[in-house]
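Note sheet for the following structure.
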Amino acid sequence: NFALTSVDLSNCDREPIHIPGKIQSHGCLLVLQEPELIILQASCNTKLFLGREVEAVVGKTLSQVFTPIAFQKISQSLKSHDLKYSNPIDIELTHNNTPQQLTAIVHRHDHVLILELEPHIPTQTHRAYGIYAQIQSSLPAIENKNSFEESAQFLAQEIRQLTEYDRVMIYRFETDGSGIVVAEDKKPELEPFLGLHYPASDIPKQARQLYSKNWVRIIVNVNDNPVAIYPLHNPITQKHIDLSYATLRSVSPIHIEYLQNMGVSASLCISLINDQKLWGLIVCHHYSPKFVSYELRQACELLGQFMSVELFRQYQKNWEAYQIKVKKIQQLFRQELSVHESDLINRIRTMIDSSGQHLLELVNAQGVVIGLQGELTEFGETLPQPDLDDLLSWLRSYYPQEIFYTDRLAEIYPPAQNYINKAAGLLAISIYLDQATYQIVWFRSEIIQTVTWGGNPNKAVVIDDHNQMRLSPRQSFEAWKETVSGHALGWNELEINAAMELRNTLMLAVLHFSHFALEEVA
Ligand code: BLA
């Protein structure tokens, strides 16, 4: 159904990941019609779980394929007003005279009942009693953390302690859908991903939508052979079964390839939601196949949800603090500029000399240069001397707009390649008035940042089995992770606004001054 005929990034957004028609092979899935509990569809591995081939299962009722006790347990739990509280249901099924302990998970969606069977892990169930103690002690602890970063780090550690994944990351989305690893707890020998940025297309839109509805997903083994659902089309709806809320849903092959390229074998991913908005993910990686019990996954979800709200509050506080600082700085500048004194240029220069640090903090830059009618004043460490003159005049010629910014200067201004460690990113405001030019240009040094997918030279076009061209994630993670020189941290909306506001302040001062000067003349 999913035919990709053209190759562009929107392909990622169009893969219908909620209806893969397959499940992961560590479990077994039955689609049931209520109230009789007729099996409409089943995964093709029923032999392993129920002792019968799928063709012999579909069309039967649950009571015909389950032991009476197991059937009784399931039908009892279906009476609960909210199936969430019924799960997990421990059952025993016997085939070939061998009893098999399983965990059943039930949910209703799209007019059917979906029953999933997973392996039952007694040790993890046992440990589950400790889970709640740990959650209970972690919740108040997060409130004692002083910053978003500290709290995120704490959450990563708690989740790793609970689940024992090799790596646990807290991933935060930016407004453009790209993301950054803001906290990480990992086995010491693993290479850190902390601080790395990833493009929006790595977690496409429909995946983000799904993750804001279903908060936990597990990938047990990326080298698994997914198991098809039989029949593929639901006999009642004539559609693929919607597995949005199924725990066994087979994961997008593109994402599987992505994880394989990364060398990852298993993952667990928990949504971080605030006010119904997905703002981040807890991403757990393991370097060998790994299954964790439903209880443990639930515990992670609970911990994630409780902490999510607190974390988000702290994140907001970071921005509020920045905004307050920006207001103060703006006020200071306004005061200094409003002094009615003869030479405006001198006044601006004095302001810069006394408040250079503020000027940097205003937009979180590392260097700034102010061009006032051809004269330059500099502040900060990361300045592209001796090229400043040329750079500013290049800006005036090619980007004369009120405000201009880039996080990869060298791509549009090749000489910047020579001082990329000092000025990989640039934010500039300009005022042209009465034939005079006023420029303030901030610089940001280069950060080690992964290649954005859109501009990735390793972007691979592959021809799939159906002779369709598709976009594939990086063929090799090392190549993909090739850190490009020349990227600075992007300028965010608040910083851009702060620069714009400073421009307004200056503009007013300049206008005021011209008016004042005219009056003097008159
Ligand atoms: C899903 N992509 C995901 C998920 C993550 C990432 C965390 C959630 C699923 C999971 O693993 O549990 C991305 N993983 C990351 C990132 C890091 C990480 C950024 O560890 C950083 C350290 N992916 C691509 C491209 C496409 C794509 C180009 O890179 C599309 C062509 C698709 N990613 C893709 C899809 C899913 C996904 C379709 C959904 C998988 C599913 O739930 O079925």
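The values are calculated or read from the model by the stated rules, or taken from the named source; none is laboratory data. This structure is a prediction, so every number in the text was calculated from the model and none was measured. Every residue, glycine as well, gets a Cβ built from its backbone with ideal geometry; the counts of neighbours run over all protein chains shown.
So that you can scan it fast, the table gives a plain yes or no per residue for (1) of a type in the set (A, V, I, L, M, F, W, C); (2) more than 16 Å from the ligand (Cβ to nearest atom):
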position	(1), (2)
300	yes, no
307	yes, yes
338	no, yes
351	yes, yes
357	no, yes
360	yes, yes
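A single member of 36, 92 is part of a loop (DSSP other than H, G, I, E, B) and farther than 26 Å from residue 214 by Cα, and it is 36.
Could you list all residues from region 167-192 that are surrounded by 15 or more Cβ atoms within 10 Å (Cβ to Cβ), among the hydrophobic types (A, V, I, L, M, F, W, C) and either farther than 21 Å from residue 278 by Cα or in contact with an Asp or Glu (Cβ under 6 Å, 6 or more places away or on another chain) (or both)? If the condition is that a residue be surrounded by 15 or more Cβ atoms within 10 Å (Cβ to Cβ), among the hydrophobic types (A, V, I, L, M, F, W, C) and either farther than 21 Å from residue 278 by Cα or in contact with an Asp or Glu (Cβ under 6 Å, 6 or more places away or on another chain) (or both), then 168, 169 are the ones that fit. Regarding residue 228, is this residue closer than 18 Å to residue 24 by Cα, more than 9 Å from the ligand (Cβ to nearest atom) and of a type in the set (A, V, I, L, M)? Yes, satisfied. Kindly indicate whether any position in region 289-310 is surrounded by fewer than 20 Cβ atoms within 10 Å (Cβ to Cβ) and without any contact (Cβ under 8 Å) to a residue 24 or more places away in the chain. Scanning region 289-310, I find no residue that is surrounded by fewer than 20 Cβ atoms within 10 Å (Cβ to Cβ) and without any contact (Cβ under 8 Å) to a residue 24 or more places away in the chain, so the answer is no. Scanning region 178-190 for residues that are part of a loop (DSSP other than H, G, I, E, B) and away from the ligand (no atom under 11 Å from the Cβ) turns up 187, 188, 189, 190. What about residue 168, is it under 22 Å from residue 259 (Cβ atoms), aliphatic (A, V, I, L, M) and touching a Phe, Trp or Tyr at 6+ places or on another chain (Cβ under 8 Å)? Criteria not met by residue 168.
If you go through region 267-296 and pick out every residue that is farther than 23 Å from residue 308 by Cβ and of a type in the set (Gly, Ala, Ser), you end up with 1. Within region 192-204, is even one residue closer than 26 Å to residue 46 by Cβ, in contact (Cβ under 8 Å) with a residue 40 or more places away in the chain and acidic (Asp, Glu)? No, every residue in region 192-204 fails to be closer than 26 Å to residue 46 by Cβ, in contact (Cβ under 8 Å) with a residue 40 or more places away in the chain and acidic (Asp, Glu). All conditions but one from (1) more than 9 Å from the ligand (Cβ to nearest atom); (2) closer than 25 Å to residue 153 by Cβ apply to residue 205; the one that does not is (2). The set of residues in region 205-214 that are among the basic types (Lys, Arg) and touching a residue at least 60 places away in the same chain (Cβ under 8 Å) comprises 205, 208. One residue stands out in region 4-17 among those that are within 8 Å of the ligand (Cβ to nearest atom) and crowded, with 16+ Cβ neighbours inside 10 Å: the one that is modelled with the lowest pLDDT, namely 11. Restricting region 208-225 to residues that are buried (at least 16 other Cβ atoms within 10 Å of the Cβ) and charged (D, E, K, R), the residue that is nearest to the ligand (Cβ to nearest atom) is 217. For region 244-290, taking the residues that are in a loop (DSSP other than H, G, I, E, B) and touching a Ser or Thr at 6+ places or on another chain (Cβ under 8 Å), the one that is farthest from the ligand (Cβ to nearest atom) is identified as 276.
Among the residues making up region 379-408, none is modelled with pLDDT of 85 or more, acidic (Asp, Glu) and closer than 20 Å to residue 355 by Cβ.
Please indicate, with yes or no, whether at least one residue in region 66-82 is in contact (Cβ under 8 Å) with a residue 60 or more places away in the chain and either surrounded by 20 or more Cβ atoms within 10 Å (Cβ to Cβ) or among the acidic types (Asp, Glu) (or both). Among the residues of region 66-82, not one is in contact (Cβ under 8 Å) with a residue 60 or more places away in the chain and either surrounded by 20 or more Cβ atoms within 10 Å (Cβ to Cβ) or among the acidic types (Asp, Glu) (or both), which makes the answer no.
Given the options 149, 174, 158, name the one that is among the acidic types (Asp, Glu), under 23 Å from residue 309 (Cβ atoms) and touching a Leu at 6+ places or on another chain (Cβ under 9 Å). Testing whether each residue is among the acidic types (Asp, Glu), under 23 Å from residue 309 (Cβ atoms) and touching a Leu at 6+ places or on another chain (Cβ under 9 Å) leaves just 158.
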